[in-house]
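Inspection log for the structure reproduced underneath, given as structure tokens.
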Amino acid sequence: MSHAVTCTAPVNIAVIKYWGKRDEELILPINSSLSGTLSQDQLHARTSVMARADFASDAIWLNGKQESIENPRLQNCLREIRKLAAAKQTHQQGAPLPTDKVHICSVNNFPTAAGLASSAAGYACLVYALAQLYKVGDSLAEVTKLARVGSGSACRSIYGGWVRWVMGEAADGSDSIAEQVVDEHHWPEIEVLILVVSDHKKTTSSTAGMQTTVETSSLVKHRADKVVPQRMEDIQNAIRARDFETFGRITMQDSNQFHAVCLDTYPPITYLNDVSRGIIDMLTKYNAHKGKIQAAYTFDAGPNAVIYLPRENVNEVVNLVRHFFPPAVGAEAAFVRGFRDVPAAPVDAATLQAINRSVFADSLKYVMHTRVGSGPQVLSNDADCLLDASGNPRL
Ligand code: DP6
């Protein structure tokens, strides 16, 4: 007898960054964090899981390629789900036996090489699908804990809208869970631009980078103990009140502090490059010229910028990007992608004059326009399954 489930899960982008663990194995953070979940219309992972007693072993295929199932993070997720299923005896309700083997097949609808946060969506999707398969998905709080042991930031992709990961205090991680602050309908005016920077050099992985930070940075302790707790309070209040001025300021300050902490690491870690710094400069001058925060940048462990901004500013900001970071000649057509057409139009002379910086052509691959969206979904149509009846990836 075979059981199969297919799910999709979203990417999330933190505005209060998770950086540093107090427990490497259980993935327990040194500070709480908060993110927006991005719409799955533009970016998502899709994962099918199938369990059968007669599979020879567990197996995984990622974006069409078989990968090692021995990956310790993956093993942790599988072990924890099976432990929970065994404790709850869910095979008596028709779930697979904890001893059955599983085949896992996962694809992203966006290029992994683009350096967009793919591990969060991937682990969230895997764990969400396995939790359905083993019938242990009733409590989403439990599912966030299972996702957390795959990749810390993945726990926040279990919900839509605005999500906090509460760091918790317990040594066993039982209170380190993600929770929804408000759903995706609370603040629909907020949209998102992802500026994908060309020329990606291989950077330090988040896992390795944050470990070195905790070992060597004195600034990160100050950040975790003294700065983040207040920011968590303030940004949640700003989101609840739809106060973009406060939200935007905290978002940019927290990104800046995260990258300052990276530089305080020894040896130092630099994720931002000249293009990233150019985007920061452009938006800083733009906001100053307008006398209020119009658009808020944030950067993760790489050079790509993510901009949160109210809908009314999207056209102007996209056209500023087209002006100061234009695509190569001939690449204009697919430069801005997303859920709504943003017509090209000149930006007014006073704004350009206030920004007053040189043009950096062909420095961005493309701009993805998206918004805040929903949490993981189950796809119930058999045609959506990525595995065929015998458990091999469909071509
Ligand atoms: C900069 O979740 O990728 O994106 O827990 O080691 O898998 P691991 O790290 P990961 O770190 C994400 C770091 C970040 C900030 C954030 O998403 O909060």
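The values are calculated or read from the model by the stated rules, or taken from the named source; none is laboratory data. Because the structure is a prediction, the values reported are computed rather than measured. Please note: Cβ atoms are built from the backbone with ideal geometry, for glycine as well, and neighbour counts cover all protein chains shown.
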- Message: Can you tell me which residue is farthest from the ligand (Cβ to nearest atom) among those in segment 146-169 that are surrounded by fewer than 24 Cβ atoms within 10 Å (Cβ to Cβ) and either on the phi > 0 side of the Ramachandran plot or among the charged types (D, E, K, R) (or both)?
- Response: 169
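Residues are listed down the side, and each one gets a yes or a no for (1) touching a Cys at 6+ places or on another chain (Cβ under 9 Å); (2) under 17 Å from residue 9 (Cα atoms); (3) in contact (Cβ under 8 Å) with a residue 12 or more places away in the chain:
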| position | (1), (2), (3) |
| --- | --- |
| 41 | no, yes, yes |
| 44 | yes, yes, yes |
| 47 | yes, yes, yes |
| 51 | no, no, yes |
| 62 | yes, yes, yes |
| 67 | no, no, no |
| 70 | no, no, no |
| 85 | no, no, yes |
- Considering only residues that are outside any loop (DSSP other than H, G, I, E, B) and among the charged types (D, E, K, R), look in segment 235-265 and name the one that is farthest from the ligand (Cβ to nearest atom). 245
- Message: Can you confirm whether residue 78 is in contact with a helix residue (DSSP H, G or I) (Cβ under 6 Å, 6 or more places away or on another chain) and either in a strand (DSSP E or B) or farther than 30 Å from residue 238 by Cβ (or both)?
- Response: no
- Query: Within the bounds of segment 193-210, is there any residue that is in contact with a Ser or Thr (Cβ under 8 Å, 6 or more places away or on another chain), β-branched (Val, Ile, Thr), farther than 24 Å from residue 261 by Cβ and surrounded by 15 or more Cβ atoms within 10 Å (Cβ to Cβ)?
  - Reply: no
- Message: Quick check on residue 123: is it within 12 Å of the chain's Cα centre (by Cα), more than 14 Å from the ligand (Cβ to nearest atom) and buried (at least 24 other Cβ atoms within 10 Å of the Cβ)?
- Response: no
- Item | Residues of segment 325-354 that turn out to be among the polar types (S, T, N, Q) and without any contact (Cβ under 8 Å) to a residue 40 or more places away in the chain, as a count | 1
- Kindly check whether there is at least one residue in segment 135-145 that is within 16 Å of the ligand (Cβ to nearest atom), touching a residue at least 24 places away in the same chain (Cβ under 8 Å) and not in a loop (DSSP other than H, G, I, E, B). yes
- Message: For segment 173-188, give me the residue count where each residue is surrounded by 15 or more Cβ atoms within 10 Å (Cβ to Cβ) and touching a helix residue (DSSP H, G or I) at 6+ places or on another chain (Cβ under 9 Å).
- Response: 10
- Item | Close pairs from segment 196-211: first among the hydrophobic types (A, V, I, L, M, F, W, C), partner part of a loop (DSSP other than H, G, I, E, B) and within 15 Å of the ligand (Cβ to nearest atom), Cβ under 7 Å, at least 6 apart | 196/304; 197/303; 197/304; 210/19; 210/20
- Item | Residues of segment 38-75 satisfying the condition of being exposed (fewer than 14 other Cβ atoms within 10 Å of the Cβ) and assigned to a strand (DSSP E or B) | 65, 66
- Here are some conditions: (1) outside any loop (DSSP other than H, G, I, E, B); (2) at pLDDT 95 or above. Residue 91 meets all but one. Which one does it not meet? (2)
- For residue 118, are the conditions met, namely being surrounded by 16 or more Cβ atoms within 10 Å (Cβ to Cβ) and in contact (Cβ under 8 Å) with a residue 12 or more places away in the chain? yes
- If residue 22 satisfies every condition in (1) touching a Leu at 6+ places or on another chain (Cβ under 9 Å); (2) of a type outside the set (A, V, I, L, M); (3) modelled with pLDDT under 95; (4) within 16 Å of the ligand (Cβ to nearest atom) but one, which is the exception? (3)
- Have a look at 239, 269, 235 and point out the one that is aliphatic (A, V, I, L, M), crowded, with 22+ Cβ neighbours inside 10 Å, under 26 Å from residue 210 (Cα atoms) and outside the structural domain of residue 19 (by TED's automatic domain parsing). 235
- Task: Return a yes/no flag: does segment 32-50 have any residue that is of a type outside the set (Lys, Arg), within 14 Å of the ligand (Cβ to nearest atom) and on the phi > 0 side of the Ramachandran plot.
- Result: no
- Message: Please count how many residues of segment 94-106 are crowded, with 20+ Cβ neighbours inside 10 Å and part of a strand (DSSP E or B).
- Response: 5
- Residue that is nearest to residue 14 (Cα to Cα) [pool: residues in segment 230-266 that are more than 19 Å from the chain's Cα centre (by Cα) and of a type in the set (Ser, Thr, Tyr)]: 246
- Item | Any pair with Cβ under 6 angstrom, 6 or more apart, that starts in segment 265-290 at a residue that is in contact (Cβ under 8 Å) with a residue 12 or more places away in the chain and farther than 24 Å from residue 219 by Cα and ends at one that is buried (at least 19 other Cβ atoms within 10 Å of the Cβ) and aromatic (Phe, Trp, Tyr) | 282/324; 283/297
